[in-house]
Structure formats: structure tokens, C-alpha cells
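Asker: I have a structure I would like to understand better, so I am pasting it below and will then ask my questions one at a time.
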Number of protein chains: 2
Amino acid sequence: MDGKHPKLQPKTPVPSDIEVSQDIVNEVGLLPIEDVAREAGLLPEEVIPWGIAKAKIHLKTTLDRLSDQPDGNYIVCTGINPTPLGEGKSTTTIGLAQALGAILGKKSFACIRQPSQGPTFGIKGGAAGGGYAQVVPMEEFNLHLTGDIHAITAANNLLAAAIDTRMFHEDSQSDEALYKRLCLANGKPFNAIMKKRLAKLGIDTNKSPEDLTAEERSKFARVDFDKSTITWQRVLDTCDRHLRGVTVGCGSKETIQLRGTVKGETPREQHSRETGFDITVASEIMAVLALTKDLPDLREKLGSMVVGYSKSAEPITADDLGCGGALTVLMKDALLPTMMQTVERTPVMVHAGPFANIAIGNSSIVADRLALKLAGEDGYVVTEAGFGADIGMEKFFNIKCRESGLKPKCAVIVATVRALKMHGGGPPVSAGKPLAKEYTEENIPLVVEGCANLCKHIENAKKFGVQVVVAINQFKSDTAVEMEAIRKASMDAGAYDAVVSNHWAEGGKGAEALGRAVIAACEAGKSEDFRYLYDLELPIRSKIEIISKEIYGADGVDFSETAEQQMAKYETSGFGKLPICIAKTQYSFSCDAAAKGVPTGFRISVREIRSCVGAGFLYPICGDIMTIPGLPTRPGFYDVDIDTETGAVIGLF
Amino acid sequence: MDGKHPKLQPKTPVPSDIEVSQDIVNEVGLLPIEDVAREAGLLPEEVIPWGIAKAKIHLKTTLDRLSDQPDGNYIVCTGINPTPLGEGKSTTTIGLAQALGAILGKKSFACIRQPSQGPTFGIKGGAAGGGYAQVVPMEEFNLHLTGDIHAITAANNLLAAAIDTRMFHEDSQSDEALYKRLCLANGKPFNAIMKKRLAKLGIDTNKSPEDLTAEERSKFARVDFDKSTITWQRVLDTCDRHLRGVTVGCGSKETIQLRGTVKGETPREQHSRETGFDITVASEIMAVLALTKDLPDLREKLGSMVVGYSKSAEPITADDLGCGGALTVLMKDALLPTMMQTVERTPVMVHAGPFANIAIGNSSIVADRLALKLAGEDGYVVTEAGFGADIGMEKFFNIKCRESGLKPKCAVIVATVRALKMHGGGPPVSAGKPLAKEYTEENIPLVVEGCANLCKHIENAKKFGVQVVVAINQFKSDTAVEMEAIRKASMDAGAYDAVVSNHWAEGGKGAEALGRAVIAACEAGKSEDFRYLYDLELPIRSKIEIISKEIYGADGVDFSETAEQQMAKYETSGFGKLPICIAKTQYSFSCDAAAKGVPTGFRISVREIRSCVGAGFLYPICGDIMTIPGLPTRPGFYDVDIDTETGAVIGLF
């Protein structure tokens, strides 16, 4: 970069995240986002400013312009199995990008996920990084951003309404009445979305609506849901446990005279159904956003999402309900990545935000691709994979990189003395409770014992053919001997390097050694060495077994009867070749959150296997996984307020 | 304006709304929104661009700068009781602003509501105006805009989650355990929001958390909901009839050991509850946005929203739950009005979007105020009041103008030959069905008969001391004799003027006569003549009776027992002095949608009276009013798609 990075002047002790962010904005000042974008190599017409601090980037025109540009060095930042306090993976992603850019003078980008607003107001913990390694202004990062998650909520729930309403109308109307309303009443020819369904049903797409036979009309108009197979849930980006299980359709107007029954003879029936809400980031549409390549692919993926099955076991898609076009229209702006900046003015791409325990846990392919093209051959793109390397990194390599074709060279694995002590047998660590003394005083044996967890992640990463650099994310109470123990264990396990990093307190300067190690690792690494862990052609069962054994260290996998049936159904429906996205706790290699270190002698239990046909993966549920969190007795929102004179946000982390 | 208005070249026949919009954008080009803002009198630092076509306007700095500027002429645009097809009220609002600006050379603004996305994908009908009197690009106007409605969804549902979660924790925890988690666990002093509750409870706010007595701790920690009184619903901006009535808390984790019961002896209880969703625009937070004055007032109003009552009948507010600050933080950007432009580059303020049948039906006070200051003494601000003048206009005068203190000079009442024929006894008009021949052929007797509806609205408007101009919104099939009949009836009823307007087909040029009439009416009108219909000091019952008799023409009002109890409770709780916002069908002066013309000999039935204490009104429910619409068998979304090559939206109206 061209010297526009102001010298960071960190305060000691480091203020709260929001104070650091507001200090930077008020005292140092943001670089107007158009300038950040220009320095990143974008042309003015490729940038859509969204206020002064955020911009959306035109995808197609920019990628078309840069199509001949070689990609930059692709680095994934991941971590060991974390404590509930988090081990600073986002912070390291951002601190490393700051070091590479502001300190080491490379063209450098951080690619991170948009945070869910649910946890923002629930259990404290930001996602903009922290201390002097964060994205600013953090309020704008954490709240609304450019509305992508809101767009997903809108799209997801339009499809949910379409499903319940379609069943309502199908349950009460004859085939002919349905067909008349759907295809004849407005006198228009079949549109593209209808022709897609006609083709799927084997009906001549050149026919006009009047020409269909009675049988064809029935087939077209009645998607005929088997209600027990509907997997599409509604979503909200709120921690609301009471929405986990809901009964909908309980209103006085949601009663119907069942089709084929006689008014007066048979009473009207309540058209209710048990279902539930997920948090928005768990929506399949979020996974689609993370994994899509471009607008045509977005349209295809959204239309192909399977929401349930018909009574004759045919998959029913969003396009069967006539909804794929509207979903794409709702998502067209969300497809464009958002650019922001770090405290050291490093460009940051923020795009998509799936959790790693219940989804793919990675930011978007399009943001990474854009950053890699902008970075160019000598540049660096640090992208973050959620939670521990057993889930986030595995999904990054096997799903995201497979879909994108992009080849990473280096994995940075973030470890902390605190988390390794926990893995070594230290007492439990929980949010909102004071840390036990094991964590605040030197304790070499716990660290040494706990390094087994880190070493297993290093070995796992090496299976994919990438170089591994361990980032020891320094806390104030860590001692030199403790950190040296981690370094030694890492090198013994085959890491390319292992370095202490203090970006939280010092910004890019604190991650300079990490930056140099990553540059060296990328020089040592070869894109050609990158490989996937399993072949898509394998049976679903085998793919799940490979991940469980190779990555988690399980002895084997037990499938419930439901899961067995689902596998059979998916193979029949042609979904057997999809990659696998396992939903599992982030706190352990196993499905038991309490099993720390490197558990052995355990098996993985697959309760059910959901499909995300549009996003392009199968989704085995292992263990007790919540898809919408709750709020604690004292939620984070209690501390959040606004200074009504200045408009400044107070108490957000 | 300074001649930057390109000459509009309307096509014949007028293309679809989206085609007109895309033509303007692609062929004529938008004026960059910064330029629209500059020409409107804003300084660059007062404008936050949101892409090229939209900007948010800094409220406080702009209003502070313009505080000495006299207000422009304030005009409300409303209509007769409409058909389900709408009579072109938004279109007239925009067309009139185009005429005043682009044709008559005045400084002119249109202030309109942001449309709900629900109907956008349900029953067709845009809200950006139509034909050559519309806001462009209409896709951006109709979809997401700048995220204000999404912010309301997020804020509303955070509060809903806070309510159910608080009950969950209160039902299972002792007072001491609750208090410990709320106030002691994190070792912090009471924050501002907690002190507000302490003060309300009469507890010394100088005490620290440890100092409270056991009794004070109980009072503080246990808000003690009477569940039957909770009026706060969740919201989504989707037409989803199955959410009208839902049971929440049905999940396997939402069971509790009731406080005071013994584990094992008493089984755990499912913590479920019957509730429902409204459409987002019906949220009280939307009403707050429409009626708030500035950021401190927003904070105050959001914190004061009453969500239910305690078992001892005390109102429980958002601030009692510790949530008012977080709500304000979520809404702080939504407080800033959004600026767009018409096809003739007239500046348009788009802000807030409550429906008029179930809410106040008016755009925001802050947008109107900003526009009035920017327009200045010789300028004109046309603001729209939803649906018919019996609800939208009455609420505009009695609630919105009373809250703002702004004084309108002129009311434009939009009438169509079609709707007047319906009021005169023509056959029913429904969306999606062909019009009967009465509506496509000349029929003077029906028009003459139907004018009674228009005349009653004219008389009603005059009760508020404003000049009335009737806009006869011309359709192709209208004949000169029909239109002259309307003009004559209007003048006989006391209108200042009544003119035919053809802005849909011709843009501002088509509304030139209307513009001249409005200018003359404003010159004839005096702000001092403006008056409210009722005094706030009157009992609730009397205020409802005055509106029902004076505006609707009812013989009287019948209150259900529930409504009687609610009135008593509100008077006791100190909410008796609030203005009245009646929820009622828009299709008739009465509560019977089928009663056309000027019904007589009817009474208004008040089923229940809700309170919007934060927004500042009471909300009697008259008749069968839906607070979240459903989708038809063939919803609008079926026709919406995207051209994946160009990114253009297809089929959105």
C-alpha cells in the first residue's frame, strides 16, 4: 500500500472494543471508503458507497475486468477447539491482514463474515475483531451492515409463507380451481419459472396454459406436499428460544373446508402445523450466498433449494412454488460484497455469515475471489473459517474451495494458552464467570498436555497439502515459557512455523512476526499440493465416515434409522454426490462438548441428515445442536444505549 | 429548481411501471442523488449516499442549520374511499410534486411512505406511484430501500424475545437468583436504564446494587407479567397468514421447573404461549418512527412503549425490560429520512410506512419537517396520507400535525370516476378480475350518485380549517361529462377548486392545472385557520365518539365490555389524554366494507382498544381488521424474476 496507513498509537491498557473503534473514527479518522477501494485497486464505477464507511462492490464488472489477473496468496485463518470466550480467530485474521499491509507493505485483504445480530444483543462478544485488530466503525459492522442478513430473512420467510399458503390453497381447492387461478385467470402465457416446472414434469413447454390436459393440469397445479417432509423453517436474526418450536396457523381465519368434503357435513379444519424458526445465519439462503459464484448461479441455486417432498417422494423446489425469481430479486444486492477497513485502513471484505457449528462457517466465495484478484500475484488474502479447524477449516477445504476451485497455500491455526490449558485438564471456562487461577498463573503441565489438541489440528490441516503456521494469540498473563512450550509442540507436529502474536494490544505491529512467517510459508507452499479429503463420488456414508475418522479421530459413525432412510432417499433423488457439512459442537473433536484435548474411543452419532440442495451440501446433525440461540437472564442488550446528544452508541462490547 | 429537469417524453400507451422506471434510468439517466440533494438545498456533509439513487439525510445538523428558515406550504394528499385497485393517491402526490417543481418552477418535495415488502410479493400494486408519476428506480424503492423496515423488524422482535425470555426466567427462578444475575453477577453499578426502573419503583437511585433490600430486589427483578395482558406481537414484513395465530415455546428445551415446585415431585411445564405476528409496518415501532421528533424523543418513545401489564396492573415498558437503549441503537439510522427522486428529478423524501387502516397511515414528521425547511417560504411540500380521507387524513390532522405542531394549508382529495361509480351503486371491483362495463363506458347517473362520498370527505376536510382541492385522477375511459359532474359536485360541496389531472400518462405536465389550483389554494389558505377536531383532555370515549359522528357519520359508538375495561385502565394509568387512532376498513365510512357512498343509520362497534403509549395514541379496533395479510393462490412473486445477464428485475408490477 502507498503509505496511507496512519501510524497506530495503541493505548495501554487497551480500551473496550467500542472505545478503540470510536477513538479511531474520531481521532484518527476513517479513510473515505471510496479511497480505501481505490487503493485496493477498484475503479470508481465499481464501488457503490453505503455511507462513508461501507461500500458494496460490483461483482461482475470487476471480476470481468480482472479476469486475467493472477490470484494472490490464499490463507485461511482457523483455530483450535475454542473456549466459550473465543480464542481470537477473527482478531488474528484482521491483525494478520494489518501486519501484511500496514507493516510489511504488501497488498493485503481480510475476508470475514458478517456477524449475526442475535448474539450481539445476547451473550456479549463482537465479531469485528477486537482491541487494535478490528474493523471500524464496529457499530456499523455489528448492526445491519449493508442489510444482507435482513435480505436473507426476507427471502427465507417469503418462501416459508409460500409453502404454508400453497398447502392451504391445495388442501381446500380442486385441481381445476387451483390451475385456473395459477395459470388461466390472468390470461398470460407460461413464464420462465412455470416452464421450468413443466419441463420437470415432462409436459411440452410449448403448450399454452389452455392446452394442458386435465391430467397435466393436476400435475402442474398440485405440488402435493407430504407435510412430514417439510424441512424449510422460518428465520429471524434474533436470539429467541421460544421460536425453536412453534405451531403456526392457529388463527381463526386459518381454517379450511377440506377439499372433497361437504360444507355443513364435515366441519372446517384448523390449518395448523408444527414447525420452528432458525437464526437467519442458519438459513440455506445464507449458505447459498457463501457458496455462489455469480448472479446466474445464485438464481439457479435459489430456485433449486428443496423445501420438502411430495406424497410421491418427489423433491419440491423453490422454483416449483414459483418463488426462485423473487428470492433472487430480494438477494441481488446482497450478492455484492461489502468493503470496510481495519483500524490501520487495510481493506476488509465482509460477506455472508454462516455459523460453523450449524452451517458452513465461512465467508463468501465471491468476496475471496474479488480480494484474490485485487491482491494479485504478490498480494495476500486472509480469509476466516469459523470456530475450530475440525469444522470451519474442514468445510473451507472440502466444500468452499471445491466449489470455488481456489487453492489455498497456508492455514493459520490460532491457539491461546488459556484454551490449551483447558484442553490439558483445566477447570471449565464460561462466559460471564471469573477465570480460575489455572488460567491467570503460569501452569506449564496444563499447557503441554493441552497442546495435543493443537497438534491434531496441525496434522489435520497438513492432510490437505497446505503449510501450517500456528499463531499463539498472546494474552497479558501468558508467560514466555508457556508460549515456548506451544511453539515447540507445534514444530514437532509439523507446523511450518509457530509465532507469538500480540495484534490485539499492538495492531499490525504486534503481528509482524506472524506476517513474516505467513509470507515464508506461502513461498514454501505450492497451490498444486492442495487436495480434498474425500471424493464426491463416494457414498454419503463413506464421506461422513472419512471426516469423522480422519478429522475428528472417531472410531466410526452410527446412523439413526432416520438418517439411513434419508441417505437412501438422497441417493435416489440424485443428491448423493454432494459434499458433507457436519453440524456438530465446536468445543470438542467429538460430539461431546465436554470431551477436551484429543478424545479417543468415541463414535459419531448421526441423528438426521438434512439436505441443502440449492447451496450444494448434505447436512448431518450430530449431537444436540441448537439452530436458534436463547437469551440469558441478563442479556447483552441491557448495557446498550445511545448518547442522545452525540448519537454515539454506548456499551456494545 | 434550476432547469435540471429533463423534458419528459412519455410513451403511448404508457408502459408498465417497471418499464417506465427502467426507461428513465437507462435512457434519461438519474441525477446522482448527491446532486438532487444539493439542488434541494442540502450541504454535502448532510448527505449520506446509499448507492447512486438513494441517500440518507442527517437530521439534527440539517434541522439545526435551517432552524430560522420559514416553513414551506404544507399540503396533504388524500383520497375518497378507494376501490381495491387504489385511486392513485401516491401517484397524485408524486405527480403534483412534479408539476410544482419541473413544470411550475417552484421548490417542491413529495413526502411518501416506504412500502411494505409483503404486498409487493402478494397482491400486485406498487407504492412508488405509477406511470410517469413515480419514484425511480422503483425496484430500489420497493425492495429494502435503506433498510428502515428491516431495522423495525429487528427491533420489534428483540423486544418480543426479551418478553418471552424474561417470563421464562422469572417463572423458573427465585427473586434472589434473578436479581443476582441481573444486577450483581457482573459487578457493575446500576446503568441509566436500570436507574429509570429504580426511580419508577420509588427506590433510591443512588444505591449500589448490593445495597438494595430484599423487598427492593424483588420489586426490581420481577416485572411479573400478567400473561393475558401482553399486547406485544412479533412482526415480519411478509404476507404470511399462518403467522396470525401461533403458539410459541413448543420446543423440547422450552420446559421449566416452575419456581417454588420441587424437582421430581412436580413435572416440568412446557413454557408455551399463544400469540401472533403482525406485518412489520403495523409495529408500534413504525408508528414511533412516523411520529418522533428527534433522537432524544426516539429514545424516550421506544423506552416508554408498554408491552403488557403486571399482575398488579402496572404497565410494563421496554425500559423495564432493559431494552429501550438497544431498540434505539437498532433504529438510529432508520431515524434519518431517505431521499430519492421522481422521473422528473423532483426530490422525494421516503420515510416510515404505517398502513392507514391498522395504523396511522402517514409518513414521518421528521421527513416533512426537513422538506418544509428545505422548501422555504415559497416552496411546496406534498405529503401523503394513506387510504381514504376518513382515516388517513383524519389521523394526519389530529395525530401527526398535533404531535409536530406543523400547520397544513391545503388538502388534495383524489377521486376517480371508477371509484365514484362504485360508490354510486356500480358492481363490486376486485383485484385480478376484469372491470364491469359500468366502469368502462360512460355512466353519468352512477358518477353523480357516487359524488356523495367525495362531498362528505370535502366537508370533513373543511372542518379542520384547510382549503380543499379535488384532483380528478383521469383514466383513459373517463369522459368529459363524467369529469365535469365531479367538478360541479366538488365546488357545490365547498372545494376551493376541482381539476382533472393526467399525471399518470403525462407526468408533471399532466398535473399542471392541479399544481396551479394548489398554489392558489395555499395563497387563499391561512395556517392560523388550521384546527383539530377534538381536545385531548376529553375522555377517551368522547374522542372516539367525535371522530365516529363527525367524520364517519355514525349515529354513535358501541363499546364492548373489553373496550370499556381498557378505557378505564388507560385513564387510571395516565394514558387517557392520548389522541385516537382508529383501526377500521378503508373501503367505507362505516366499519362495513360493503357500505359504499355515504352510509347512514349505523353505529361504530369498538371491539377492543390497544394502546401505543410510546408512539403516543390509543388504538380502537373497529370491525374485522387483519394485522398481517395472506398470499393469494397466484401471488405476485410468481411473475418476478431477474435477467441474470443484465441484472434487471423483471415483472415487479
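Asker: In the protein assembly as shown, with Lys and Arg counted as +1 and Asp and Glu as -1 at Cβ, which of these residues, B:Leu8, B:Ser283, B:Leu454, has the Cα nearest the positive end of the dipole, that is, farthest along it?
Answerer: The listed residue farthest towards the positive side: B:Ser283.
Asker: Here's something else I'd like to know. Amide H neighbours of A:Ile650 under 5 Å, at least 5 residues apart or on other chains, H built in the peptide plane: list them.
Answerer: Residues meeting the amide H criterion: A:Asp641, A:Ile642, A:Asp643.
Asker: Further, regarding this structure: Short version: ³J(HN,Hα) in whole Hz for each residue of region A:25-33, in order, from phi by Karplus 6.51 cos²θ - 1.76 cosθ + 1.60 (θ = phi - 60°), x for Gly and Pro, what are they?
Answerer: 3J(HN,Hα) across region A:25-33, in whole Hz: 5, 7, 9, 8, x, 7, 7, x, 4.
Asker: With equal scatterers on the alpha carbons only and no solvent term, can you work out the Debye log10 of I(q)/I(0) for region A:426-502 at 0.17 1/Å?
Answerer: The computed values of log10 I(q)/I(0) come out as -0.70.
Asker: Fewest to most neighbouring Cβ within 10 Å: what's the order for A:Ile544, B:Ile285?
Answerer: Neighbour counts put them in this order, fewest first: A:Ile544, B:Ile285.
Asker: Also, I was wondering about something else. Kindly state, to the nearest 0.05, the FRET efficiency for B:Asp294 paired with B:Leu43, given R0 = 25 Å and r defined as their beta-carbon distance.
Answerer: Efficiency, rounded to the nearest 0.05: 0.85.
Asker: Can you give me the C-alpha center-to-center distance between region B:92-155 and region B:546-593, rounded to a whole angstrom?
Answerer: 31 Å
Asker: State the answer as a single residue: which of B:Ala615, B:Tyr587, B:Ala563 lies farthest towards the positive end of the charge dipole of region B:548-653, with beta carbon charges of +1 for Lys and Arg and -1 for Asp and Glu, about the Cα centre.
Answerer: Of B:Ala615, B:Tyr587, B:Ala563, it is B:Ala563.
Asker: I would also like to ask the following. Within a 10 angstrom radius of each residue's Cβ in B:49-55, how many Cβ atoms of other chains show up on average? Whole number is fine.
Answerer: For peptide B:49-55, the averaged partner shielding equals 4.
Asker: From the residues A:Leu43, A:Ile24, B:Tyr179, which one has its Cα farthest along the dipole of the protein assembly as shown in the positive direction, the dipole being from +1 and -1 charges on Cβ of Lys/Arg and Asp/Glu about the Cα centre?
Answerer: B:Tyr179
Asker: Give the average, rounded to an integer, of partner chain Cβ atoms located within 10 angstrom of each Cβ in A:621-633.
Answerer: 3
Asker: Between A:Lys7 and B:Asp378, take the C-beta separation as r, use R0 = 41 Å, and let me know the FRET efficiency to the nearest 0.05.
Answerer: The value I calculate is 0.20.
Asker: Please label the shape of region B:174-309 as rounded, prolate or oblate, based on the square roots a ≥ b ≥ c of the eigenvalues of the alpha-carbon gyration tensor (a/c under 1.5 means rounded; beyond that, a/b larger than b/c means prolate, else oblate).
Answerer: Oblate, since a/c reaches 1.5 and b/c is not below a/b.
Asker: Hey, fewest Cβ within 10 Å first, where do A:Cys111, B:Cys183, A:Cys250, A:Cys239 land in order?
Answerer: A:Cys250, B:Cys183, A:Cys239, A:Cys111
Asker: What average count of beta carbons from other chains do you get within 10 Å of the Cβ of residues in B:137-146? Working shown, then result.
Answerer: On the way: counts 0, 0, 3, 1, 0, 1, 7, 10, 1, 5.
Rounded to a whole number, the mean comes out at 3.
Asker: When averaged across all projection directions, what area in nm² does the alpha-carbon convex hull of chain A cover?
Answerer: 30.6 nm²
Asker: List the residues, sorted by chain then number, that are 5 or more residues from A:Glu608 or on another chain and whose placed amide H is less than 5 Å from its amide H.
Answerer: A:Ile621
Asker: Could you sort out which of A:Lys60/A:Lys395; B:Lys407/B:Lys543; B:Lys207/B:Lys263; B:Lys89/B:Lys437 sit more than 29 Å apart by Cα distance in this structure? It would help to have the intermediate numbers written out before the result.
Answerer: Numbers: A:Lys60/A:Lys395 26 Å; B:Lys407/B:Lys543 21 Å; B:Lys207/B:Lys263 36 Å; B:Lys89/B:Lys437 24 Å.
Where the Cα-Cα span goes over 29 Å, the pairs concerned are B:Lys207/B:Lys263.
Asker: What are the equivalent ellipsoid semi-axes of region B:527-653, built from the alpha-carbon gyration tensor (square roots of five times its eigenvalues), in whole angstrom, biggest first?
Answerer: Result for region B:527-653: semi-axes of 37, 19, 17 Å.
Asker: If each DSSP helix of 4+ residues adds -39,500 (n - 2.57) and the sum is divided by the residues in the protein assembly as shown, what number results at 222 nm, nearest 500 deg cm²/dmol?
Answerer: -9000 deg cm²/dmol
Asker: HN-Hα J couplings of region B:267-280 from phi, Karplus 6.51/-1.76/1.60, θ = phi - 60°, integer Hz, Gly and Pro as x?
Answerer: Values, residue by residue: x, 5, 10, 5, 8, 10, 7, 8, 8, x, 10, 10, 6, 3 Hz.
Asker: Next question. Determine the dipole magnitude for region B:1-160: charges of +1 sit on the beta-carbon of Lys and Arg, -1 on that of Asp and Glu, nothing else is charged, the reference point is the Cα centre, and the result goes in debye to the nearest 20.
Answerer: 280 debye
Asker: Below 8 Å, C-alpha to C-alpha, sequence gap of six or more: please give me the relative contact order for chain A in percent.
Answerer: 21 percent
Asker: Under the 0.36 nm per residue contour assumption, what length would be gained going from the current alpha-carbon distance of A:Ser430 and A:Ala593 to full extension?
Answerer: Stretched fully, the A:Ser430-A:Ala593 segment lengthens by 57.4 nm.
Asker: Please give the FRET efficiency for A:Glu561 paired with B:Lys253, using the beta carbon to beta carbon distance and R0 = 22 Å, rounded to the nearest 0.05.
Answerer: Details: r = 23 Å, r/R0 = 1.06.
The formula returns an efficiency of 0.40 here.
Asker: Also, quick follow-up: Relative contact order of region A:157-249: what whole-number percent is it, with Cα pairs under 8 angstrom and at least 6 residues apart?
Answerer: Relative CO of region A:157-249 lands at 37 percent.
Asker: Continuing with the same structure: List every DSSP H helix in chain B whose Cα atoms extend 24 Å or more along the helix's own long axis and whose mean Kyte-Doolittle hydropathy is at least -1.0.
Answerer: Taking the DSSP H segments of chain B (at least 24 Å long, mean hydropathy at least -1.0), we get B:148-172, B:444-462.
Asker: Order of A:Tyr179, B:Tyr552, B:Tyr132 from fewest to most other C-beta atoms within 10 Å?
Answerer: Least to most surrounded, the residues fall as A:Tyr179, B:Tyr552, B:Tyr132.
Asker: Using modelled amide H (1.01 Å from N, peptide plane; none on Pro or chain starts), what sits under 5 Å from the amide H of B:Val306, excluding residues fewer than 5 places away?
Answerer: Sorted by chain and number, the residues that satisfy this are B:Val613, B:Gly614.
Asker: Something else now. Would you mind working out the magnitude of the charge dipole of chain B relative to its Cα centre, with +1 at each Lys and Arg C-beta and -1 at each Asp and Glu C-beta, to the nearest 20 Debye?
Answerer: Here chain B has a charge dipole of around 740 debye.
Asker: Along region A:580-592, what does the Karplus equation 6.51 cos²θ - 1.76 cosθ + 1.60 (θ = phi - 60°) give for ³J(HN,Hα), rounded to whole Hz, x for Gly and Pro?
Answerer: 10, 10, 7, 8, 7, 4, 8, 8, 8, 5, 8, 8, 9
Asker: Moving on. Which is the longest part of chain B that has none of the GluC sites (Glu not before Pro) sitting in a DSSP loop with at most 11 other Cβ atoms within 10 Å?
Answerer: Working: sites that count: B:Glu265, B:Glu377, B:Glu441, B:Glu537, B:Glu645.
Free of exposed loop sites, the longest segment is B:1-264.
Asker: Something else about it: If you place +1 on the Cβ of every Lys and Arg, -1 on the Cβ of every Asp and Glu, and leave all else neutral, what size is the dipole of the protein assembly as shown about its Cα centre, to the nearest 20 Debye?
Answerer: Approximately 780 debye in magnitude.
Asker: Determine one quarter of the surface area of the Cα convex hull of the protein assembly as shown, which equals its mean projected area, and express it in nm² to one decimal.
Answerer: Result: a mean projected hull area of 48.0 nm².
Asker: Dividing the convex hull volume of the alpha carbon atoms of region B:103-175 by its residue count, what do you get in Å³ per residue?
Answerer: 127 Å³
Any read-out appearing in this document is the output of simple, stated calculations on the displayed coordinates, not a laboratory observation. Quick caveat: nothing in here was measured; it's all calculated off a predicted structure. Counting neighbours? That spans all protein chains shown, and the Cβs are built from the backbone with ideal geometry, glycine included.
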